[in-house]
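S.K.: The structure's right below; bear with me while I get my questions together.
Read the figures in this text as sums done on the coordinates, not as results from a lab. Values in this document were obtained by computation on a predicted structure and should not be read as measured data. Every residue, glycine among them, receives a Cβ derived from its backbone with ideal geometry; neighbour counts consider all protein chains shown.
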Amino acid sequence: MTFEKVLAERKDKTIYKDGDSTIKVFSEKYPKSDVLNEALNHARVEETGLCIPSIKAVSIIDGKWAITLDYVEGKTLTTIMAEDPANVDKYLNQFVDLQLEVHSKKAPLLNKLKDKMNRKISSLNDINATTRYELHTRLEGMPKHTKVCHGDFNPSNIIVDKDGKFHILDWSHATQGNASADAARTYMLFSLSHPELADKYMSIFCEKSNTAKQYVQQWLPIVAASQMVKGVESEKEFLMKWIDVVEYE
């Protein structure tokens, strides 16, 4: 089957535009359970009333699992910020406002963030058992919340349409849990891709959410460990520095 155009290509999926639809086609080896879990996550978040594309179908196309969503015409917030650097502060404030709107929602049937983090830490072979134990202990000691957490909240996952409305994409990592863990992950993503914006983001988030920076920082070794699972060699040295849990005591 052929589609109108390719929007993006990733390691395990290709995203197409076809008319008024976005079609995410997964590789043949991509686990069925992960596809269905992503679709279920999306549907559960859609029910919160957040501005996200509606899911239309889960199907098999040419022997590959696929998720079909409404297509949203517009630019990513990443592109807009690059085109208009003089107004980066304004866009970061809008970005944080949107993240706080996400955190204001509840979706009781989403997977729990702590459970997901514990599984990821346990699966890490690149760190020793003592460090894994320290990470598990730190995670267990963090307060348990039930806020919707995106899990990959960054400007490339936000589309701004012609009317200036913000649409949030990619809910495959969504969980319910502690908002500061979600913020720590966003801070990490900025640190990896746009380090000049990371501290500014952290300051805005903490001010708007009335959260101490030290509290968000307590999550940094944990989110770094969860990122290590992806096995991106170029990130390893950077993440290992954060996994040194003593640094954030």
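S.K.: Full-extension gain between Thr211 and Lys90, please, as 0.36 nm times their residue separation minus the C-alpha to C-alpha distance.
M.R.: Taking 0.36 nm per residue and subtracting the Cα distance, the gain is 41.5 nm.
S.K.: Measure nothing but the geometry: give the 0 to 90° angle between the long axis through the Cα atoms of 32-46 and the longest principal axis through the Cα atoms of the chain, rounded to 10°.
M.R.: In the chain, helix 32-46 runs at an angle near 90 degrees to the longest axis.
S.K.: Right, next: How far, in degrees from 0 to 90, does helix 179-193 lean away from the longest principal axis of the Cα atoms of the chain, to the nearest 10?
M.R.: The angle comes out near 80 degrees.
S.K.: Here is a further query. Would you mind computing the Rg to Rh ratio of the chain from its alpha-carbon coordinates, Kirkwood style for Rh?
M.R.: My calculation of the ratio gives 0.96.
S.K.: Relative to the longest principal Cα axis of the chain, at what angle does helix 195-209 sit, 0 to 90 degrees, rounded to 10?
M.R.: Rounded to the nearest ten degrees, it is 80.
S.K.: Using the 2.2 N^0.38 Å rule of thumb for compact globular proteins, work out how region 134-249 stacks up: its C-alpha Rg over that value, please.
M.R.: 1.08
S.K.: Could you compute the FRET efficiency for Ser54 and Glu28, with r as their C-beta to C-beta distance and R0 at 35 Å, rounded to 0.05?
M.R.: The formula returns an efficiency of 0.85 here.
S.K.: Ok, one more. Express the Stokes-Einstein translational diffusion coefficient of region 195-249 in µm² s⁻¹, to the nearest whole number, given a Kirkwood radius over alpha-carbon pairs, 20 °C and a viscosity of 1.002 mPa s.
M.R.: In µm²/s, the coefficient rounds to 176.
S.K.: For region 77-178, what number results from the quotient of the Cα radius of gyration and 2.2 N^0.38 Å?
M.R.: Expressed relative to 2.2 N^0.38 Å, the Cα Rg reads 1.32.
S.K.: Here is the link list: Lys116/Lys230; Lys13/Lys230; Lys13/Lys114. Which ones come out longer than 19 Å on Cα distance?
M.R.: Lys13/Lys114
S.K.: Cα-based Rg (one decimal) and Dmax (whole number) for region 5-70, in Å?
M.R.: Taking only Cα atoms of region 5-70, I get Rg and Dmax of 11.7, 33 Å.
S.K.: Which entries of Lys90/Lys147; Lys29/Lys105; Lys32/Lys200; Lys11/Lys213 have Cα-Cα distances beyond 32 Å here?
M.R.: Pairs exceeding 32 Å: Lys29/Lys105; Lys32/Lys200; Lys11/Lys213.
S.K.: To continue, here is another question. With a ≥ b ≥ c taken as the square roots of the eigenvalues of the C-alpha gyration tensor of region 1-142, please select rounded if a/c is under 1.5 and otherwise prolate if a/b is larger than b/c or oblate if it is not?
M.R.: Oblate, since a/c reaches 1.5 and b/c is not below a/b.
S.K.: Oh, and also: Go ahead and run the numbers for FRET between Thr79 and Asp244, Cβ-Cβ distance against an R0 of 41 Å, rounding to 0.05.
M.R.: Once the sixth-power term is evaluated, E becomes 0.70.
S.K.: Counting helices only, and only those DSSP H runs with n ≥ 4, report the 222 nm mean residue ellipticity of the chain as the sum of -39,500 (n - 2.57) divided by its residues, in deg cm²/dmol to the nearest 500.
M.R.: Theoretical 222 nm ellipticity from helices: -14500 deg cm²/dmol.
S.K.: Same structure, new question: Of the trypsin sites (Lys or Arg not before Pro) in region 165-249, which ones lie in a loop per DSSP and count no more than 15 other C-beta atoms within 10 Å?
M.R.: Counting only loop positions with at most 15 other Cβ atoms within 10 Å, the trypsin sites (Lys or Arg not before Pro) in region 165-249 are Lys165, Lys230.
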